[in-house]
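Asker: I'd like to ask you about the structure that follows.
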Amino acid sequence: LDDAAARTRLEQLWGAALPTTPGKRYSEMLNGAGADIKAMFIMGADPASERPAWAATLDKLDFLVVQDIFLTETA
């Protein structure tokens, strides 16, 4: 994000504008699940067991993919 030359080069290669500011953090995405976040791909994490409120917000998603080695509460 901070390297303007690299960003410009990638924008030219990909034919698209890249963001100049960081995206949402882990907790911000989970807090916004079902509201401003409609789909998630969760890999190697178990947010449903980390906070009960997150388990409720995950139920509000339109689409959820969970990839993990073990069957977790989130899966």
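The values are calculated or read from the model by the stated rules, or taken from the named source; none is laboratory data. Small disclaimer: the values here were computed from a predicted structure and weren't measured. Protein only, heavy atoms only, side chains kept; ligands, DNA and RNA dropped before computing areas. Shrake-Rupley method; radii C 1.70, N 1.55, O 1.52, S 1.80 Å.
Asker: Given that compact globular proteins tend to follow 2.2 N^0.38 Å, what is the ratio of the alpha-carbon Rg of the range 33-75 to that value?
Answerer: Values: Rg = 9.7 Å, N = 43, 2.2 N^0.38 = 9.2 Å.
Against the compact-globule rule of thumb, the ratio is 1.05.
Asker: Still on this model: Could you work out how much longer the chain between Phe70 and Glu28 gets when fully extended? Use 0.36 nm per residue separation minus the Cα distance between them, nm to one decimal.
Answerer: 12.6 nm
Asker: Before anything else, pin down the relative contact order of the chain: Cα pairs under 8 Å, at least 6 apart, normalised by residue count, whole percent.
Answerer: So the answer I get is 27 percent.
Asker: Need one word for the chain: rounded, prolate or oblate. Basis is the Cα gyration tensor (sqrt eigenvalues a ≥ b ≥ c); a/c below 1.5 gives rounded, then a/b vs b/c decides.
Answerer: Because a/c hits 1.5 or more and a/b exceeds b/c, the chain counts as prolate.
Asker: Angle between the Cα long axis of helix 4-14 and the longest principal axis of the chain, 0 to 90 degrees, nearest 10?
Answerer: 80
Asker: Could you report the chain's accessible area per residue, 1.4 Å probe, as an integer in Å²?
Answerer: The answer is 74 Å² per residue.
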